[in-house]
1. Using a Gaussian network model of the chain whose springs link C-alpha atoms within less than 10 Å, name the residue from L14, L169, L96 with the highest mean-square fluctuation.
2. Around F126, which amide H atoms from residues at least 5 apart in sequence, or from another chain, sit under 5 Å from its own amide H, with H modelled in the peptide plane?
3. For a label point 7 Å from the Cα of E184 along Cα→C-beta, name the residues of segment 1-17 whose backbone N is under 15 Å from it.
4. Given a 1.4 Å probe, how much area per residue of the chain is accessible, in Å²?
5. Rounded, prolate or oblate: which fits the chain, taking a ≥ b ≥ c as square roots of the Cα gyration tensor eigenvalues, rounded meaning a/c under 1.5, else prolate when a/b beats b/c?
6. Please turn the phi angles of segment 78-93 into ³J(HN,Hα) values with the Karplus equation 6.51 cos²θ - 1.76 cosθ + 1.60 (θ = phi - 60°), one per residue in order, whole Hz, x for glycine and proline.
7. Could the peptides 30-37, 142-149 be put in order, highest first, of the mean number of other beta-carbon atoms found within 10 Å of their residues?
Amino acid sequence: MKKPANTSVPIHPLLTERWSPRAFSHRPVSDDQLERLFEAARWAPSASNEQPWYFIVGRSGDETCQKIHDALVEFNQLWAKTAPVLVVAVSRKNSLKSGTLNTWHSYDLGQAVAHLTVQAMHEGLFVHQMGGFNSGQISEAFKIGDDYLAITIFAVGYAGDYKVLHPNLQKLELDERKRKEQKEFVFTSYFGQPLKLS
Ligand SMILES: Cc1cc2nc3c(=O)[nH]c(=O)nc-3n(C[C@H](O)[C@H](O)[C@H](O)COP(=O)(O)O)c2cc1C
């Protein structure tokens, strides 16, 4: 299913076509594709080039995937079971160089996931990120140390038929995608003053 963004001006098709499906097809994701996705993440920028990102990858049917799925909130469990790949995105809180808090650790992880998401679209794959999970359960299940934080879980796969979803989720899948107007978040002169572009 396609749900292209209704953009106010044309942007790159990879960005227009990206969206977060909940229905995934059974079509597998290859090792080569996964490697390219994480290579895209690898080349993301990061503060002081700390590269604070780490990923734990589960494939449908394996123990890792089951543990990841178990840690999701019930709502996400309902749909994420259709995804062929589930990934935990983890960031390292402290700088490897100074040992003090890296203020940008989760920001940098987010940039890495954004890069991965665009590469996924290039592969015809979709990414759906989730904040709805039990972080403590993930830390325990995967023996993640105190210096690290599981920030999100994301599903990767080919988009599937929305009718495979639980009836309560089918409407959500068909809902229109909405965004704020640029004038609500692009400012000049002072915070709140919209930047006018010709
Ligand atoms: C950090 C983050 C957490 C999210 N958590 C959830 C989640 O727990 N469950 C879910 O179904 N979608 C989740 N989403 C997906 C958003 O709801 C989705 O990206 C947003 O509605 C915009 O839709 P689009 O990605 O299709 O443009 C999350 C997205 C992000 C970036």
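1. It is L96.
2. G157, Y158, A159
3. 6-8
4. Averaged over the residues of the chain, the accessible area is 60 Å².
5. Oblate.
6. Running phi through 6.51 cos²θ - 1.76 cosθ + 1.60 with θ = phi - 60° gives 4, 9, 5, 5, 7, 7, x, 9, 10, 10, 9, 9, 10, 10, 8, 6 Hz.
7. Result, highest mean Cβ count within 10 Å first: 30-37, 142-149.
The values are calculated or read from the model by the stated rules, or taken from the named source; none is laboratory data. Here the structure is a predicted model, which is why all the values come from computation and not from measurement. We place every Cβ from the backbone using ideal geometry, glycine too, and count neighbours over all the protein chains shown. What goes into the accessible areas is simple: the full protein's heavy atoms, side chains included, and nothing from ligands, DNA or RNA. Shrake-Rupley method; radii C 1.70, N 1.55, O 1.52, S 1.80 Å.
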